[in-house]
Number of protein chains: 2
Amino acid sequence: MYKAKAYSAASATAPLASTTIPRRETTEHDVQIEILFCGICHSDLHSVRDEWHSIMPTVYPIVPGHEIVGRVTRVGSAVTKFKTGDLVGVGCLVDSDHTCPNCKDGLEQLCPNQTLTFNSPDKHNTAPVTYGGYSESIVVDEHFVLRVPTNLDLAGVAPLLCAGITTYSPMRRWGNLTGKKVGVVGLGGLGHMGVKFARAFGAQVVVFTTSPGKKEDAHRLGADEVIISSNADEMRSHAGTFDFILDTIAADHDINAYINLLGRDGKITLVGAPEKPLAVSAFSLLVGRRSLSGSIIGGIAETQEMLDYCGKHNITADVEIIPIQKVDEAYERLLKSDVKYRFSIDMASLKSE
Amino acid sequence: MYKAKAYSAASATAPLASTTIPRRETTEHDVQIEILFCGICHSDLHSVRDEWHSIMPTVYPIVPGHEIVGRVTRVGSAVTKFKTGDLVGVGCLVDSDHTCPNCKDGLEQLCPNQTLTFNSPDKHNTAPVTYGGYSESIVVDEHFVLRVPTNLDLAGVAPLLCAGITTYSPMRRWGNLTGKKVGVVGLGGLGHMGVKFARAFGAQVVVFTTSPGKKEDAHRLGADEVIISSNADEMRSHAGTFDFILDTIAADHDINAYINLLGRDGKITLVGAPEKPLAVSAFSLLVGRRSLSGSIIGGIAETQEMLDYCGKHNITADVEIIPIQKVDEAYERLLKSDVKYRFSIDMASLKSE
């Protein structure tokens, strides 16, 4: 074991503060990574404040962060995919059982015995739970380490590891979106990636937002049309016309308003998880054979595919780079949706702690 | 125009009573049918009592019935598919616009300008609205008339025209169900057809019911397993294992209990439309990339395919045959789910009126 600098929260109400954490020595299949940037996902905030207590109670201290980009500093003796100096990424997962049907199909994100990047029981017993990317380094099994294209801005790559794959995966699974009418509900960290991907896939992209102020920016990101969702007339004029809608809203909202916009066999996929159940009109689903589904990140192979796609098409997240000392302030701004569109922590700032 | 005997309701609270209604003369594309049996669908009851007022207000008098089996008594000069004496069926639709994208794809059930078999504006102006199958005869455009296999019990064929196609269509659309684990929620008119089809398709069939008394019958109909849905332990033991679930419940119920039974990419399809919105847990959809969808009857071509399939595999609905004079009593029993599993009106009983 060695000690690494990190930022952790000691309780659900404590601010994040500088600390040191144990990291395991690099075993034969491990890759040790110097973390350069770590995106701030809303999950970080939920976990730090123990807001998902009923599903996944937070073990303190918690070191959040699962949008990690860095450089390989050491590799284990059996590592074949990476060498020292490589640019790499780590997303929401750092281990799985490798034997279940989902793992065998490359869908580690659905493995019942997966190890999340933070706040997950640590199989290596380095600590009670895994510690995430708000740290100067991390050690991860090579299977869960991704190659990062060298032509991209690294601060903007970090959010691809969660927000990127979360939006890329369900759109790819839908099929060929070229020429299809695609809606993206919400223009935050997830939504802005959804717009970029939908645009890259050749879809006709319509953004739904509650904020008239985001209209111009939505167009800049790639939207062909922007609809203010509170405008009932505007919503009605699009009834029954969408092939696919990506719903990124994690707060309670009227899902039927969007289901009714779907055409025949149209699909709306949730990638945010509102806490309260959604009130779904069965009738709206029946009349167009529409479906409502969910999607959660992606498997390791698909995450690599997404990163390669981003390299080829020059896609990164729009980020605001912050030093780690401003993480609490960033959380407060996140709650007000006051970020365009993801915070990316410059981990060099940790060196001064 | 000619007069035909029928049973109609004069208001939302009136009993059904004998009457005569106008039917149009057979135009060149029409088929005139002597009705032999008409199934009683729950929609009949909803419409008679104006319970769908907000979506489709009932125009009185109403002659319900859209599970029609009969014999051709006359054909128009341009009719090519049928001749006098043929056994035929008519389901929920008697016309559509033939020009919309759905009609062009053979999905007349999704045509925005469709004409329902009863309580729908009558394009021919024979009456303010169309009159359904509780009648001695009906005149229908040949496109909406189905061939009925000659080897089947006609009383049991009638419900295939609605309950049959409603359950057949979403299961066929799922794909090849051979060897797949399929759940059928509710064992009524729709559910019992779902069980028969799932069995015929080679699926492992599990029935969910609230009634322990239906267990034996479910097995007789083709279920491999019967789960009493109130038994939480039994439900839990099947978590994450189903490929497809057909939900036939039109009353409010806990949909998440069934969503949680779906495996990866599992689908649950609603064919009943509970009046109140369903409370859907987004999290349950996300974790297995599951989907909730709806389906509504089927197109004309698919309905013919279903009837042909039933002929080949000797599938009919289990019916209780009643004279039309007992229709009000049947409605009362329907409300108590006291029928195994569909009422089929023997229209010969109308001759004595």
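Tabulated results
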item	result
Qualifying residues in region A:262-271 (those that are in contact with a helix residue (DSSP H, G or I) (Cβ under 7 Å, 6 or more places away or on another chain) and not β-branched (V, I, T)) - the one farthest from the other protein chains (Cβ to nearest Cβ)	A:K267
Strands (runs of 3 or more DSSP E) within region A:277-329 that include 1 or more residues among the β-branched types (V, I, T) and touching a residue at least 60 places away in the same chain (Cβ under 8 Å)	A:319-323
Condition broken by B:D308, with the remaining ones in (1) under 18 Å from the mean Cα position of the chain (by Cα); (2) open to solvent by less than 50 Å² (accessible area, probe 1.4 Å); (3) away from every other protein chain (no Cβ under 14 Å) satisfied	(2)
Extreme residue, modelled with the lowest pLDDT, among residues of region A:100-114 that are open to solvent by 30 Å² or more (accessible area, probe 1.4 Å) and assigned to a loop (DSSP other than H, G, I, E, B)	A:P112
Qualifying residue in region B:115-127 (condition: surrounded by fewer than 24 Cβ atoms within 10 Å (Cβ to Cβ), in contact (Cβ under 8 Å) with a residue 12 or more places away in the chain and within 14 Å of another protein chain (Cβ to nearest Cβ))	yes
Only one of A:V319, A:V327 that is open to solvent by less than 20 Å² (accessible area, probe 1.4 Å) and β-branched (V, I, T)	A:V327
Any hit, region B:230-250, residues being open to solvent by less than 10 Å² (accessible area, probe 1.4 Å), β-branched (V, I, T), within 15 Å of A:L278 (Cα to Cα) and in contact with a Gly (Cβ under 9 Å, 6 or more places away or on another chain)	no
One residue from A:H46, A:H53 being outside any loop (DSSP other than H, G, I, E, B) and without any contact (Cβ under 8 Å) to a residue 24 or more places away in the chain	A:H46
Single condition B:P212 does not satisfy, out of (1) at pLDDT below 95; (2) in contact with a Ser or Thr (Cβ under 6 Å, 6 or more places away or on another chain)	(2)
Any pair with Cβ under 6 angstrom, 6 or more apart, that starts in region A:131-160 at a residue that is at positive phi and in contact (Cβ under 8 Å) with a residue 60 or more places away in the chain and ends at one that is of a type in the set (K, R) and open to solvent by 10 Å² or more (accessible area, probe 1.4 Å)	none
Members of region B:295-305 that are farther than 17 Å from B:M193 by Cβ and open to solvent by less than 10 Å² (accessible area, probe 1.4 Å)	B:G299
Qualifying strands (runs of 3 or more DSSP E) (wholly inside region B:58-98; at least 2 residues being within 14 Å of B:D122 (Cα to Cα))	B:93-95
Residues located in region B:189-208, provided they are under 22 Å from B:S43 (Cβ atoms), open to solvent by 10 Å² or more (accessible area, probe 1.4 Å) and touching a Leu at 6+ places or on another chain (Cβ under 7 Å)	B:K196
Candidate set from region A:132-172 (those that are assigned by TED's automatic domain parsing to the domain that holds A:E67 and charged (D, E, K, R)); member that is most open to solvent (accessible area, probe 1.4 Å)	A:R147
Sole residue being more than 30 Å from B:G266 (Cβ to Cβ), touching a Phe, Trp or Tyr at 6+ places or on another chain (Cβ under 7 Å) and modelled with pLDDT of 95 or more, chosen from B:Y131, B:Y168	B:Y131
Filtered residues of region B:73-94 (kept if under 18 Å from B:T150 (Cα atoms), crowded, with 19+ Cβ neighbours inside 10 Å and without any contact (Cβ under 8 Å) to a residue 60 or more places away in the chain)	none
The listed residue being more than 14 Å from chain B (Cβ to nearest Cβ), among the acidic types (D, E) and surrounded by 16 or more Cβ atoms within 10 Å (Cβ to Cβ), out of A:D50, A:D97	A:D50
Counted residues, region B:209-223 - those being assigned to a loop (DSSP other than H, G, I, E, B) and open to solvent by less than 20 Å² (accessible area, probe 1.4 Å)	2
Extreme residue, most open to solvent (accessible area, probe 1.4 Å), among residues of region A:1-40 that are part of a loop (DSSP other than H, G, I, E, B) and within 20 Å of A:N125 (Cα to Cα)	A:M1
Unique residue being open to solvent by 10 Å² or more (accessible area, probe 1.4 Å) and outside the structural domain of B:S43 (by TED's automatic domain parsing) when the list is B:R333, B:R290	B:R290
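Conditions (1) more than 9 Å from chain A (Cβ to nearest Cβ); (2) more than 19 Å from the chain's Cα centre (by Cα); (3) hydroxyl-bearing (S, T, Y), marked per residue:
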site	(1), (2), (3)
B:Y258	yes, yes, yes
B:L278	no, yes, no
B:S293	no, no, yes
B:I321	yes, no, no
B:D338	yes, no, no
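Residues are listed down the side, and each one gets a yes or a no for (1) among the polar types (S, T, N, Q); (2) under 20 Å from B:S295 (Cα atoms); (3) touching a His at 6+ places or on another chain (Cβ under 7 Å):
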position	(1), (2), (3)
B:G191	no, yes, no
B:F197	no, yes, no
B:V205	no, yes, no
B:T209	yes, no, no
B:K214	no, no, no
B:E225	no, no, no
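The values are calculated or read from the model by the stated rules, or taken from the named source; none is laboratory data. The model shown is predicted, which means the values in this text are computed figures rather than measured ones. Positions of Cβ are generated from backbone atoms using ideal geometry, with glycine treated the same way; all protein chains shown enter the neighbour counts. All accessible areas refer to the heavy atoms of the entire protein, side chains included, with ligands and DNA or RNA removed. Shrake-Rupley method; radii C 1.70, N 1.55, O 1.52, S 1.80 Å.
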